[in-house]
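The values are calculated or read from the model by the stated rules, or taken from the named source; none is laboratory data. What you see is a predicted model, and the numbers here were worked out from it, not measured in a lab. FYI the Cβ positions are ideal-geometry reconstructions off the backbone, even for glycines, and counts take in every protein chain you see.
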Amino acid sequence: MGWETWIIATLSRTLAYGTPLLIATLGEIFAERAGVLNLGVEGMMIMGAYSGFVIAYTTGHPWLGILVAGVVGAVFSIIHAFVSVTLKANQVVSGLALTMLGLGLAGVLGRGWEGLPLFTPIHKMTVPVLSSIPVLGPILFKGQNLVVYLTMLLVPVLWYVLFRTRIGISIRAVGESPATADSLGVNVTRIRYLCVIFGGFLAGVAGGYLSVAYRPSWTQGMTGGMGWIVIALTIFAFWNPIYGLLGSYLFAALYHLSFRLQAWVSPELLKAMPYLFAILVLIFVAQGTLKKKMGAPAALSVPYTRGEE
Amino acid sequence: MRILYGLYQPDEGEILLNGKPIRISSPRAALTYHIGMVHQHFRLVPTLSVAENMVLGLDEGTGPFLNYRQTHKKISQIAEKYGLVVDPQAKVWQLTVGQQQRVEILKALYRQADVLIMDEPTSVLTPQEVDQLFATLRTLVDDGLTIIFITHKLDEVMEISDRVTVLRKGKAIATVNTADTNKAELAKLMVGREVVFRLEKNPVKRGEKILAVDDLQALNDRGLPALRGVSFEVYEGEILGVAGVSGNGQRELAEVLTGLRRATGGHVTLEGKDVTNRSAREIADAGVAHVPTERKTMGTVPSMTIRENLILKSYRQPPFSHGMFLDNKAAEENARAAMKEYAILAPNIDTAVKVLSGGNIQRVVLARELSGDPRLIIAAHPTYGLDVGATEQVRQILLAQRDRGAGIVLISEDLEEIMTMSDRILVLFQGQVMGIIDAEGAQIERIGLMMAGTEEEKK
Amino acid sequence: MTAPNWLKIERRPVASGRTVFIISVLAILAALLVAAIFFAAYGISPIYAYYLILRGALGNMHGFSETIRRMIPLLLCGVGLTVAFRALFWNIGAEGQILMGAIAASGVALFSGLPGPLLLIAMFIAGFLAGAAWGLIPAALKAKLGLNDVITTLMLNYVAMYVVLWLVHGPWKGASMRGYAYTDMFPNAAQLPMIGSTSIHWPTLMLGFIAAVVMYILVNRTRSGFEIRVVGENPEASRFAGISQFKTTMLVMFISGGLAGFAGVGEVAGIYHRLLDPSQISMGYGFTAIIVAWLARKNPLAVIVTSFFFGILMAGGDVIKIQLRLPFQLINVFNGLIMFFLIGSELLIRYKISIRRR
C-alpha cells in the first residue's frame, strides 16, 4: 500500500469519525458558554442514536431519522435544563443522571431493534469534478456523506453567532456574569434553556448520525463513551467552535492512527487509546500558558439566583 | 434601590414616575422607563469589549445582527459630550477601575437613562478621580438628568447633592435640602443618636521593630508585576495604614505578607527572622494574624459552624486536637468564650456562619485571628460593608490590639478609615510606595495626589 | 426566580435531619411512581411489580443473599465516595478502581504462590493499593494541573475495562478455559468464605461495615477529616488556613480508590473465583454507588442504609429480568430517575416553600 493511499484512507476515516464528535462538541460549547455544564451528552447521544434508527428504519427516510434524533435529544436535555437551571441543582450530578437515564431508556426501548440492518442509510456520495483533485479529492469529496459537509458549514455559522451577534453576546455574558446580564434585561433563564436545548439537539443529531450514517444499525451502548470525549473536546476547544473542529478531527485522526499499531499492540489495548488520548489532550491544554485568558466561562456550572452573588 | 431597578419586587407601596404609578417588574422594564443604574460592584462582563457591554441586552432594531460601526460612533459621541473617553474595542478586563466606572456611566447613557442611580460610586476612586466624576455628574444634571446618589460618606453628600434622604433600617427618616442641613445633623439622623467623629485614640507607644519588608516584588493573578520593590517597617504598638486606589497591589501585598502568594523578589523579615515565601501555616504559627478582605470566600467556611470556623487555623494544636483526633469539648468552650467576648450574635455555637450578618461574620474572623495575641495583624478592609455599629466595634477592637502592643498593617480604600485609625500612612500606587507620612496632620489632598501617582519627595 | 404571588419561598438556614430524611424518602417514592409508568406500559400492574421486586429481594433466603451480595460493593464504594465528595472530588471512576482491585487480587491469587490465609490478606492489600493507585492518577492530575476530575476518572474506567479484557483474552487467559475469556480458577485458599450456602462473602461485608464506621470517625472527629471538609466546602479558605489541597485530595482518593479496590477483590475472590469479563465483575456498582453516596448525604454511616436499599433494587433487577421478562436496563432508568428526584428535591431542603396567606 503506497503512502498516498494510506494517508487518504486515514484522513477520510478521520472525517467520518470526527463528524459526530464535532456535532456534539458544538452543542456542548453552546451549553457551557451559557454557563451550564451538561454531562448528559452520552445519554442524549444514545437516545438520538436509538430514535434516529427507529425512525429511519420504519419510515425509510434517514434524514427524518436524524431530525427526530435531534428533537429527542433536545427534549431529553430539557430535563437537565429544568433540574439545573430552574431547580438550581448540582449540574454534575444532574448530567450523570441524564446519562444513566438515557443509557437505561435506550436499552429498555431498543431491545427489539438490535441487529436489524438499515437498508436506507444516508448514502456516501462522490462530488463530481472536485473528487478528481489529487489527494484532497478522495479525502474530502469521495465516500463522505452530506452530514460531514453540513457539519463543516455549521462551524463558521456558529462561530459567527457566538462572537458577532446579539444573541452571542447575551450567551457569553450569561455564562460569564449572569448577574450583569440580568441587570441589563437579558433573560438568563431563557438563554440557558435555549443553549442547553440546542446542545441536546446537536447531541441527538450526533447520535442519529452514528446509527443512520456512520454504522447504519442499532446496538446497545453504541456511543461507547463518545459523549464523555465530547466533554473533554469542549475544554480542548477553549469553548470556541473553530477549535472544536480542529480538536474533533485531530482526535479522530489519532484514533485511526492508533489502529495502525495493530501489528504490535493487542486490539483490546488499542481500544483503550481514545480514552487515554482524551486525558492527554487535557494535560496538553493544562500546560497552555494562555490558561487565564482563555479559561472556562466564569459562571460555568454555577446556578444563578437573582440577588445572591 | 434595587427595587427601583427591577431586581426586587416591592411587597407594598408604589412607585410614581412623572406623577404616574408604574410597576417595574424587571431590569428590562426599568430600562423602558429610562432608569439606569451604576452598581457599586460594576455590572460589566470582563471578557466582552466595551462596545459589546454597551449593546448587551439591547434591541436596537437590527434584529440579531450588530452594526459595530454605528455602535462605536454612538459611544464616541456620548463620551466626548461628557468627558468619558474610553476605547470601545478594549476588553473590559484590560481597563482600570476608574475607566470601568466610565463604561458603566456610558452604558446607562447609551440606554438613554433619564434617572441615574449610583451606588457608592466613589469608593474605588482617588480624590482626583472623584472630582472628575463629580464634574461629569454636574454636566449630566445640567442636561436635565436626575441622579440618585447613594453614599455613606457625608462629605460627598454635602458636596454633590441638592436634596438628601436619610435611610435607616429600610425607613426614610427624613428628606431635607442639602443647603439647609449639615454633617452633624445628617449623622444624627443616620444612627439615631449623636456620633463622635474622631475616634478616641491613645497616643502611640512605639516599641520594637516587628516587620521589615525590603524591596518586595510579586506578580498578580495574570502574571503581571503587582508589587514592584515595596519597602517599609512596622513597629510594636502602631497602625500602619496602607492607602491606595483598589488594584494597586494592596491585595497582593496582604497575600505575600501572609504566605498566600509567592514573592518573586525581596525579603520579609519578621522579628529578625527571614520569613520570605514561608507557607501560610508557618507564618500564622509565627504570630501573624490575617483579617482578609473576602470574609465569606476566604476568611470563613460559610457552610461550617461558628465552632469549627473558630478553630480553622488552630485545629492542629492542643487543646483543639490530641494526636490525630479533634477535641470537640475544647472547641465548644473556645466558641462559647469567643461568642461572649466578641458579642457574636447567633442562636448557638453550632450555627452555620453563612446565616450570620456581615458584622457577626467579621466578629468570628476577628475572634479567631486575634486569639493567642498575635504579634502582627494584617487587616484588609476590615470594616468594608459593615453597618455603623459593627464598624465602630471592629475599629475599637483593632485599637485595643494596638494598645496591647501588636503591630497592625491596615489596608483600606476608605481614606476616612485610614486617616482616623493609622499612626503612619503608606500610599501604594501601581505596586510602588509613593511615600510614608505621619497620620498626625496629614492632608487628604496630599494623600490623594500620592494615590494618583505623584511621588513624595524623599526626605 | 420569579414565583407566583401566592407562593412564599424562604431560605431555610439549616434543615433538620428529620426534614432531610422525609424529603429524601418522598423523592424516592416520587421516582418509583414515575418508574411505574414503565411497568404499566408493558401491561404489568406496577403494584404487582414492586411487590415482586420486594418479595424477590427480601422474601426468602436466596433473595436476601442476593441483596446483600449487591450491597457489599455498593457499601465499600459508597463509603469511599462520600469521603471523596466531601473534599469536592468528583470520583466517577469507582467502576475502574473496582476493576483494578480485581486485577491485582487475581494476579496475587494466580501467580504469587503465597500459602493459606496469607494469600487472601495479600489479595486484599494488593487490591486496595491497585484501586488507590488508579484513584491517585486523577487526584494528582487535578491537584497539580487542574484537570477536570469528572472526565479523567471516567476515562480511566474505560481504560481499566480494556485492560481487564486484554488480560483475559491474552496473557492471563486460562489454560483450561479454551473458548472462554476467563483466567484459571483461583486456588481454594484464595476463595472467600461464605455465610452458609448463601453468596454472602462475609469478610468483605465486615470490611464494608468497618470502613463505614472508620470513615465516619475520620470525617467528623479527626484533623484530616476537618481538612477534608474545609477543602470541600471552601477551597479558598483551606488555602487561607494553610491546609494543603494536594495532600487532602490525594488522601481522599487513596481512600476512595482503595475501598473500591476492596470491592473488586470481594467480587473475584468471593463470587467468581477468577478474573472475567469486566461487565460481569462490576455490574455498574461504581455508578450506582454515586447515588448511594449522594442519597446518604455524604455521611459514611448512612451509606449502610442506602447501599442496602440499592442492593434491594439491584436484586430486584433479577426479578424484573427473569420473572417479568423485562430488559434489565430498566434498573438504569430507576437509578437515573431516583437521582433526578433526589437532586431536584434539594431545592426543598434549601428553601421552605409555603402558600402565602393574605
Residues in the stretch A:114-165 that are modelled with pLDDT under 85 and among the basic types (K, R) total 2
Turns out the helices (runs of 4 or more DSSP H) fully within the stretch A:205-288 with at least 3 residues that are over 19 Å from A:I46 (Cβ atoms) and under 18 Å from the mean Cα position of the chain (by Cα) are A:241-258, A:273-287
In the set A:S183, A:S94, A:S177, the lone residue that is without any contact (Cβ under 8 Å) to a residue 40 or more places away in the chain and surrounded by 15 or more Cβ atoms within 10 Å (Cβ to Cβ) is A:S183
Practice problem: Evaluate the following for C:F310: is it within 18 Å of the chain's Cα centre (by Cα), more than 18 Å from C:N91 (Cα to Cα), within 14 Å of chain A (Cβ to nearest Cβ) and of a type in the set (F, W, Y)? | Solution: yes
Scanning the stretch A:247-266 for residues that are in contact with a Gly (Cβ under 6 Å, 6 or more places away or on another chain) and within 14 Å of chain C (Cβ to nearest Cβ) gives A:S266
Within the stretch A:34-67, of all residues that are away from chain C (no Cβ under 14 Å) and touching a Leu at 6+ places or on another chain (Cβ under 7 Å), the one surrounded by the fewest Cβ atoms within 10 Å (Cβ to Cβ) is A:Y57
- Task: Using the structure shown, decide if B:R295 is at pLDDT below 95, within 18 Å of C:N234 (Cα to Cα) and within 12 Å of another protein chain (Cβ to nearest Cβ).
- Result: yes
Check your understanding: Can you spot a residue in the stretch A:210-232 that is within 14 Å of chain B (Cβ to nearest Cβ) and hydrophobic (A, V, I, L, M, F, W, C)?
Key -> no
Just one listed residue, out of C:L207, C:L165, is buried (at least 20 other Cβ atoms within 10 Å of the Cβ) and away from chain A (no Cβ under 14 Å), and it is C:L207
Of the residues that make up the stretch A:237-246, is at least one surrounded by 21 or more Cβ atoms within 10 Å (Cβ to Cβ), of a type in the set (G, A, S) and away from every other protein chain (no Cβ under 14 Å)? yes
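Per-residue answers, yes or no, for (1) away from every other protein chain (no Cβ under 14 Å); (2) closer than 28 Å to B:V204 by Cβ; (3) at pLDDT 90 or above; (4) not in a helix (DSSP H, G or I):
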site: B:N248; (1), (2), (3), (4): yes, yes, no, yes
site: B:E252; (1), (2), (3), (4): yes, yes, yes, no
site: B:V256; (1), (2), (3), (4): no, yes, yes, no
site: B:E282; (1), (2), (3), (4): no, no, yes, no
site: B:H290; (1), (2), (3), (4): no, yes, yes, yes
site: B:E308; (1), (2), (3), (4): no, no, yes, no
site: B:P318; (1), (2), (3), (4): no, no, no, yes
site: B:A331; (1), (2), (3), (4): no, no, yes, no
By residue number, the members of the stretch C:256-273 that are of a type in the set (V, I, T) and either in contact with a strand residue (DSSP E or B) (Cβ under 7 Å, 6 or more places away or on another chain) or surrounded by fewer than 24 Cβ atoms within 10 Å (Cβ to Cβ) (or both) are C:I271
| Out of curiosity, is C:A175 at pLDDT 90 or above and either away from every other protein chain (no Cβ under 14 Å) or within 27 Å of C:P115 (Cα to Cα) (or both)? | no
Selection over the stretch B:268-280 where residues are at the interface with another protein chain (Cβ under 9 Å from one of its Cβ atoms) and more than 26 Å from the chain's Cα centre (by Cα) yields a count of 1
Output for Cβ contacts, cut-off 6 Å, separation at least six or different chains, first residue in the same structural domain as B:I377 (by TED's automatic domain parsing) in the stretch B:392-415, second at pLDDT 90 or above and among the charged types (D, E, K, R), reads B:G405/B:E236; B:G407/B:E236; B:I408/B:R402
When you check A:R111 against the structure, is it of a type outside the set (S, T, N, Q) and within 14 Å of chain B (Cβ to nearest Cβ), yes or no? no
Per the list (1) in contact with a Lys or Arg (Cβ under 7 Å, 6 or more places away or on another chain); (2) at pLDDT below 85, residue check on B:N177 breaks on (2)
Given (1) among the small types (G, A, S); (2) surrounded by 14 or more Cβ atoms within 10 Å (Cβ to Cβ); (3) in contact (Cβ under 8 Å) with a residue 24 or more places away in the chain, B:A343 misses just (2)
Checked against (1) within 23 Å of the chain's Cα centre (by Cα); (2) assigned to a strand (DSSP E or B); (3) aliphatic (A, V, I, L, M), B:L133 satisfies every condition except (2)
Counting only residues in the stretch A:68-87 that are farther than 13 Å from A:N38 by Cα and in contact (Cβ under 8 Å) with a residue 24 or more places away in the chain, the one nearest to the other protein chains (Cβ to nearest Cβ) is identified as A:T86
Restricting the stretch A:56-66 to residues that are part of a helix (DSSP H, G or I) and closer than 13 Å to A:I122 by Cα, the one farthest from the chain's Cα centre (by Cα) turns out to be A:Y57
How many residues of the stretch B:180-194 are farther than 10 Å from B:L154 by Cβ and at pLDDT below 75? The answer is 5
With respect to B:G98, determine if the residue is touching a helix residue (DSSP H, G or I) at 6+ places or on another chain (Cβ under 6 Å), within 12 Å of chain A (Cβ to nearest Cβ) and not in a loop (DSSP other than H, G, I, E, B). no
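To keep it simple, each residue is scored yes or no on (1) of a type in the set (D, E, K, R); (2) within 20 Å of C:G78 (Cβ to Cβ); (3) crowded, with 24+ Cβ neighbours inside 10 Å.
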{"residue": "C:G286", "(1), (2), (3)": "no, yes, yes"}
{"residue": "C:A289", "(1), (2), (3)": "no, yes, yes"}
{"residue": "C:F309", "(1), (2), (3)": "no, yes, no"}
{"residue": "C:D318", "(1), (2), (3)": "yes, no, no"}
Over the stretch B:23-37, the set of residues surrounded by fewer than 22 Cβ atoms within 10 Å (Cβ to Cβ) and not in a helix (DSSP H, G or I) is B:R23, B:S25, B:S26, B:Y33, B:H34
Listed by first then second residue, the pairs whose first member lies in the stretch A:234-261 and is farther than 19 Å from A:V161 by Cα, whose partner is assigned to a loop (DSSP other than H, G, I, E, B), with beta carbons under 7 Å and at least 6 positions apart or on separate chains, are A:I235/C:N148; A:G247/A:A237
Please verify whether A:L130 is surrounded by fewer than 16 Cβ atoms within 10 Å (Cβ to Cβ) and at negative phi, treating the condition exactly as stated.
yes
By residue number, the members of the stretch B:28-74 that are within 7 Å of chain A (Cβ to nearest Cβ) and charged (D, E, K, R) are B:R28, B:R43, B:E52
